[in-house]
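Beneath this line is the structure, given in structure tokens, with notes to follow.
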Amino acid sequence: EPGLVIDLGGKFDKSFNESAYTGAQRWVEDTGGSYKETELASEAQREQTMRRMAETGANPVVVLGFANISTLEKIAADYPETMFTIIDGVVDEPNVQSILFSEHEGSFLVGVLAAMASETDTVSFVGGMDVPLISKFACGYAQGVKAQAPDANVIINMTGTTPTAWNDPVKGGELTRSQISQGSDVVYAAAGGTGIGVLQAAADEGIYSIGVDSNQNHLHPGSVLTSMVKRVDNAVYEAFESFEDGNFETGVQVLDLSNDGVAYAVDENNQDLLTEDMIATAEDFKAKIISGEVEVHDYTSDGSCPAF
Amino acid sequence: MSIINEREERLDPAAPAIELRGISKAFGPVQANSDISMKVQRGTIHGIIGENGAGKSTLMSILYGFYKADKGEILVGGSKTEIPDSQAAIRAGIGMVFQHFKLVENFTVLENVVLGAEEGAMLRPSLAKARKLLTDLAKEYELNVDPEELIENLSVGHQQRVEILKALYRQADILILDEPTGVLTPAEADHLFRILRNLREEGKTIVLITHKLGEIMDVTDTVSVMHHGKMTATVKTKDTSPEELAELMVGRKVLLRVEKGPAKPGKVVLSVKNLHLTDSQGVQRLKGVDLEVRAGEILGIAGVAGNGQSALLEVLGGISEAQGEVSLHGKPLPLSGKGADGLSRREAGIGHVPEDRHRLGLILDFKAWENIGFGYQERSEYNRGPLMDNDALRKDAEGKIERFDVRPPNPELEAKNFSGGNQQKLVLAREMERLPDLLLVGQPTRGVDIGAIEFIHQRIVELRDAGKAILLVSVELDEIMSLSDRIAVMFDGQVMGERLPSETNETELGMLMAGMDGRAA
Amino acid sequence: MDRLPKWADILLIPAINLLLALLVSGLVIALIGENPFQAMRIMINGAVGSAYGWGYTLYYATNFIFTGLAVAVAFHARLFNIGGEGQATLGGLGVALVCMMLPWPHWSLALPAAIIGGALFGAAWAAIPAYLQAKRGSHIVITTIMFNFIASALLVYLLVNVLKVPGSMAPETPRFPEGARLPSAFEFAGWLGFTRSAPLNVAFFVAILCCIGVYYLIWRTRLGYEIRAYGWSQPAAVYAGISPYKIIMVSMLISGGLAGLMAVNAVQGEAERLVIDSVQGAGFVGIAVALMGRSHPLGVFLAALLFGMLYQGGAELEFEIPAITKEMVVVIQSLVILFTGALDNMVRLPVERMFLRIGPGKDA
Amino acid sequence: MDFSTIILLLDSTLRLATPLLLACLAGLFSERAGVLDIGLEGKMLAAAFFSAACAAVTGSVWLGLLAGCGASLFLSVVHGLASITFRGNQLISGVAINFLAAGLTVLIGQNWFSLGGRTPPLAGNARFQSITLPFADTLEPLPLIGPLYHDVLSGHTILVYVGLLAVPLTWWVLFRTRFGLRLRAVGENPGAVDTAGVSVIKLRYGAVLICGILCGLAGAYLATGLSAGFVKDMSAGRGFIALAALIFAKWRPWYALSACLLFGLLDALGNRFQNAELLGIAIPVQFMQALPYILTVVILAGFVGKATPPRAGGAAYVKER
Ligand SMILES: Nc1ncnc2c1ncn2[C@@H]1O[C@H](COP(=O)(O)OP(=O)(O)OP(=O)(O)O)[C@@H](O)[C@H]1O
Ligand SMILES: Nc1ncnc2c1ncn2[C@@H]1O[C@H](COP(=O)(O)OP(=O)(O)OP(=O)(O)O)[C@@H](O)[C@H]1O
Ligand SMILES: [Mg+2]
Ligand SMILES: [Mg+2]
């Protein structure tokens, strides 16, 4: 029976965790199987929760988020029989599968779309907690904007530096309004629960927003330009399924544009917002990135960004 | 006045203003009042005396609806009246002036007077109306106070007038005063009694609680004596004497005068020159005090509370910092910074019985034995390395408790469980038994009943006779006159003059205390 | 207070309070649609039903002993230290620096050094509010709350910009070197059935030593005498020559130091690295622990054990019953604080009356 | 900084100051009556949750407001029981209430909506809509006044104006009515009030209940005005900042307005100039985030000496003669 440890923020964060949860649910629907699920109570209870999951005999155990790296490094060896999957991080143990996403590439594409949708040539970004991963989103986004509109202005704000920054929609809304006052007319939120405030403010003020992780297009149809979806659901589904099939592979796997691990979402809620021209341009860039013709810089590789 | 008319109709003019029947009240195991009956006739001043804890305040608080009696009934003007709360007492025409005034310090006189007796939901009309009434009352009873002044700027005497005005504004016919003269100057006390007599002329009824037999003899028409929660006697004042009252109160003969031989002053122990103190609010509390105390004498400092005596004791006791020169046995004492604290003063040989035993002298939640080391906690006899030697403290406490007749003689009891007089004895034992070269004593008998007063006075005189210097601060002129070998009078942060007890009288001291040169008058 | 026998004051009343708190908690669980009795069974079983449970229960209890003692010491001086959270956070920084600074050959050397580091940093964080209270009269409740916020911002800054492993995403330090890691219960008491996973470690014994130390400090030393005197009456303390400045500073420094020591358990003992929010509310739990324990070390120990059980049991509960989230523990905790701390008289007065009726005039 | 930036900053200031202001006035009533309340935070949070939850279910923001005030009032009554009736420690009661609200809101939220403690997002009538003040458009072209009126003052939700009006109202109640006189007296010397024949208990409960209503408004504004729904811990320390503002304001209504505007401005500045530089050195974001807290400490250290709190604050009233 596989196990899923939902990270801080909860499984209904409309974002990262929810996506993982959806993947697990889809697996249940498709296979009729069942899985164990638990939610992390606090930062410091990671280890306890993870061990608890391993000790119930769940296999494989999927943990979500980079914050679990060091804990998993510590405990993986204690449960050699248990397979672990970590998303958004690399743990170099024989029984761990590490899954990375190329968020910078996906962000690049929504950046291109943002630049095309913007009439003021000013777009913005609201991040959650100020960590390198979020800078990776911001950096890819900024590169995409600049690639399409080299003179465009990209305003980048982080909500905060503590985990509460994932959960402060009021602040997110204020940051958005502040960005709007500086001319922004497209805002990209990579901020967990805070993003809800960002999208709300964008909808209230009549500008475009871009969602993240899950497809958030439905939250404010007509205002959410698109969402940079990160197929965590696929990763979870894949981990569960491959283990049942005996195909579980440890080691690092990267989910990127080429395998649809990241993408911009198009659905009935936003198809009127994205023009054919926009989609064509985005698809063009996507092909170039996959082929290597356009290289998107990864902020986390060296801690800097050419587009900032 | 509608309330008045309504009240008049109910009243039987011949009936006593107040009649209590079989009032009992217990606080847990303490029977504060048991089966008390009492009558107070209309238009009289009725005194109540009794030892500390006899139950006087409790009885009056029941009358004012502050406490609810366990048993018994109250008749006001001949008709039975339920008094569940103060509002009811006020409606029944009863007003009360508490020992600790119930005034809002940062409100004006006017606001304090109308508080709780406003005319309507808006403030302005009430205040306007009260202002007018206040002027009338002031004229009628010599109760002059500026209605717009803040309470905190008023002297105690004036604050007391505000309390009386409050009661009158509420149309009280019966006025209860609990130990009203404790903090007044003789002049203020005289004024108060004049007011009380005026009120009596107007047909008002007054109940007066006091420990001072002189006042009883002076103003009351009848007097009741309480003992251990019971009413033991009620007599006409003109038919009794202070001695008889004292005996009724305590249950034995009491010396009302201090027995002491002449002083044999020795070398100067304490010398104070040009002492200045400005407190944290920027008020100058001492403005150049000079005085000397010699070995084997008691220097009494008279003065109205708040004229710098407390500040003087606090500076000498190391509680407040000041400027000037103070020396003990010729050696200068630091007045600020290092060495200007209570511990160093005790090291230097100064004992200090503070004015306010509750606030300063004791930790009420410490046991008696812990309090015995209080202020001496660094003495080697109480210490073993970094640890306190609790056994030594206990042993010391037992001895002191026995010699000072602290009751109950139980060192394990927390200080708050001793009565006021016994708490005072604990402090005195601690500060006096070390035979300090200089003893600072503030208000040694405030609120203490006459039995304990006698004991405390004897001890102070004994210490003097052992050749120690004693600086006594008291607002009781009687006490100053009878204990001191020399008297200094303080007014407005300065020493107004020094007198020998044999060569002065209360009138002269009273003038000095009011800032006037007694001799000129 | 004198109307009650001591055992009633120390045991009976807290027990009734606790019962009321649990009763209301049970009500909340029932309202959520779960079975409170089953929940209670899971909690108790999870907390003390196995060596695994004990390993966590005692680990949490160790945290709470430190923070509880911290609140208790300050409380004897009538200082309400709500800053345990921030002080423990900084203590974590101190412990982490000590552990990473030197190549420790053996834990027995690293432990004393970490104790000093944690205590010093915790004390330093308490020093500023203490100073402001002593010299400027700034309300220590507010300043310590503010310092909790500031501490977390400071720690995040350091973790993100200074202490983080380069290239790593998570704002946390690298794991401490082998020589700085403390023996866990598995190592020193494996024969009791503790497994490798038990976070309980030798810091537990440090906590017990601290209990004894605080007892001596408060009731046996001169400093403790002075702290208590100051706590009961500040003017009287001045009269006795006790410097308020000294007492405020010293008691807050000790308090902060004790809070900082929590990091020895949580950071050095358990996580073996410094993460964001290593304190996870233990600073606040300390308030409840000190209140329930009547600021007495033995009481603090027992209350900490209780809260340790609550935490561990709560974690199990959350695991077993998905509908119950981690916030349930917060609710129970708040109810315990409410009933033992604020609504104490609701139970005390009737109990006092009852005792008066059975044995009148016992202590009077 | 150009004019339009300033206008936008002020606009943001007003929005961010409103919850602080309402909470601060709430604290003012309570503390003026002698009941300390560090549970403002928890009451706001509870009100935020219940207003959002009720608005989400009924679709009416007004019912939501009612529910929010109800929740806040409930906690006020708990605080009143603890600190007035049972004479418990007021600080401890406040701490407990903060925890209780933090836990219960998420627990109940999860139970009702299964959204991880969040409420569903609010839209349409389930949120407070912004109001355009009369003549806003007419006056807009005027220099200075126009933008100030049109962009700063106009265009907020009703609760912002309620907050602003609450300031003079509070002043009037406190200093011009019988109730205010008694309320201030009970915070200074409850003994005086009691002996004057007025019930201390009732007065204090009255103050605590008013505090509850105002906290309810503050919380409802957070969830249904400033944002569109509840998320856990959304009060984010505002209750504590409001307390600091109260001390800064020396317990006076008009000063409270200025103090809250100041804190609101700080917050707005922090949002607007997140990556600030001073003398060429980049100021860490963390510093900007912590600035309100640091400033609170500085203000407390610098000013509280001059501010005397109500004298009977923090102590339960026990009759003594
Ligand atoms: N609130 C109370 N709780 C418990 N006991 C009380 C309370 N008030 C008074 N007592 C006790 O009741 C008894 C009578 O007290 P009361 O104050 O009436 O005496 P008193 O005659 O006014 O004394 P004093 O002359 O010192 O003012 C005392 O033993 C006192 O300790
Ligand atoms: N709150 C109380 N609870 C229980 N017993 C009390 C209480 N207050 C006083 N007592 C008891 O009542 C007795 C008398 O105390 P009381 O307060 O009347 O002293 P007092 O002489 O009036 O003090 P003071 O001189 O300071 O006014 C003491 O023996 C004390 O143990
Ligand atoms: Mg009395
Ligand atoms: Mg008395």
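The values are calculated or read from the model by the stated rules, or taken from the named source; none is laboratory data. Please read these numbers as outputs of a predicted model, since none were measured by experiment. Here the Cβ is made from the backbone with ideal geometry for all residues, glycine too, and neighbour counts use every protein chain on show. Protein only, heavy atoms only, side chains kept; ligands, DNA and RNA dropped before computing areas. Shrake-Rupley method; radii C 1.70, N 1.55, O 1.52, S 1.80 Å.
Annotations for the structure displayed:
- Condition check for B:Met226: in the same structural domain as B:Leu59 (by the TED database) and assigned to a strand (DSSP E or B): yes
- Pairs with Cβ under 8 Å, 6+ apart, first in the range A:149-172 and more than 10 Å from every other protein chain (Cβ to nearest Cβ), second open to solvent by less than 30 Å² (accessible area, probe 1.4 Å) and polar (S, T, N, Q): A:Ala149/A:Ser118; A:Ala152/A:Ser118; A:Ala152/A:Thr122; A:Asn153/A:Thr122; A:Val154/A:Thr122; A:Val154/A:Ser124
- For the range D:6-30, the tally of residues that are in contact (Cβ under 8 Å) with a residue 24 or more places away in the chain and open to solvent by 20 Å² or more (accessible area, probe 1.4 Å) stands at 4.
- Residue satisfying condition, being part of a loop (DSSP other than H, G, I, E, B), small (Gly, Ala, Ser) and within 14 Å of chain D (Cβ to nearest Cβ), within set B:Gly65, B:Gly43, B:Gly95: B:Gly65
Let's see how each residue does on (1) within 14 Å of chain B (Cβ to nearest Cβ); (2) closer than 30 Å to B:Asn383 by Cβ; (3) in contact (Cβ under 8 Å) with a residue 60 or more places away in the chain:
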| site | (1), (2), (3) |
| --- | --- |
| C:Ala180 | no, no, yes |
| C:Ser184 | no, no, yes |
| C:Phe188 | no, no, no |
| C:Phe194 | no, no, yes |
| C:Ala207 | no, yes, yes |
| C:Ile212 | yes, yes, yes |
| C:Ile242 | yes, yes, no |
| C:Tyr245 | yes, yes, yes |
| C:Ser251 | no, yes, yes |
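- Test result for B:Pro354, of a type outside the set (Phe, Trp, Tyr) and within 13 Å of chain C (Cβ to nearest Cβ): yes
- Every test in (1) within 24 Å of A:Gly9 (Cα to Cα); (2) without any contact (Cβ under 8 Å) to a residue 24 or more places away in the chain is passed by A:Ala77 save one, and that test is (1).
- Filter result for B:Ile176 (within 16 Å of ligand 3 (Cβ to nearest atom) and within 14 Å of chain D (Cβ to nearest Cβ)): yes
- Condition broken by D:Val285, with the remaining ones in (1) at pLDDT below 75; (2) surrounded by fewer than 22 Cβ atoms within 10 Å (Cβ to Cβ); (3) farther than 28 Å from D:Gly34 by Cα satisfied: (2)
- Odd one out for B:Ala466 among (1) farther than 30 Å from B:Asn52 by Cα; (2) within 18 Å of the chain's Cα centre (by Cα); (3) not polar (S, T, N, Q): (2)
- Test: D:Leu45 is within 14 Å of chain C (Cβ to nearest Cβ), part of a helix (DSSP H, G or I) and at pLDDT 95 or above: yes
- Filter pass, C:Ala237 being within 13 Å of another protein chain (Cβ to nearest Cβ) and part of a loop (DSSP other than H, G, I, E, B): no
- For the range B:25-70, a residue qualifies if it is closer than 30 Å to B:Gly203 by Cβ, away from ligand 3 (no atom under 16 Å from the Cβ) and open to solvent by 30 Å² or more (accessible area, probe 1.4 Å), and the qualifying residues are B:Ser37, B:Lys39, B:Gln41, B:Arg42, B:Lys68.
- D:Gly109 being on the phi < 0 side of the Ramachandran plot and away from chain A (no Cβ under 14 Å): no
- From the options C:Gly269, C:Gly256, C:Gly341, residue that is under 29 Å from C:Ile150 (Cα atoms), under 12 Å from the mean Cα position of the chain (by Cα) and in a helix (DSSP H, G or I): C:Gly256
- Yes/no for C:Arg220 being open to solvent by 50 Å² or more (accessible area, probe 1.4 Å) and out of contact with any Gly (no Cβ under 9 Å at 6 or more places or on another chain): yes
- Flag for B:Leu256 being in a helix (DSSP H, G or I) and touching a residue at least 12 places away in the same chain (Cβ under 8 Å): no
- So B:Thr181, is it within 16 Å of ligand 1 (Cβ to nearest atom) and either more than 29 Å from B:Gly28 (Cα to Cα) or acidic (Asp, Glu) (or both): yes
- Of the candidates B:Leu291, B:Leu299, B:Leu328, the single residue that is modelled with pLDDT of 95 or more, closer than 17 Å to B:Ile470 by Cβ and away from every other protein chain (no Cβ under 12 Å) is B:Leu299.
- Residues located in the range C:156-205, provided they are assigned to a helix (DSSP H, G or I), open to solvent by less than 20 Å² (accessible area, probe 1.4 Å) and closer than 18 Å to C:His106 by Cα: C:Gly179, C:Ala180, C:Ala185, C:Ala203
- Near pairs, Cβ below 6 angstrom, 6+ apart or cross-chain, from the range B:357-374 (more than 7 Å from every other protein chain (Cβ to nearest Cβ)) to any residue that is among the hydroxyl-bearing types (Ser, Thr, Tyr): B:Gly373/B:Tyr382
- Among all positions in the range D:197-212, there is at least one residue which is out of contact with any helix residue (DSSP H, G or I) (no Cβ under 9 Å at 6 or more places or on another chain), part of a helix (DSSP H, G or I) and within 14 Å of chain B (Cβ to nearest Cβ).
- Answer from B:Gly451, B:Gly467 - the residue that is crowded, with 16+ Cβ neighbours inside 10 Å and modelled with pLDDT under 90: B:Gly451
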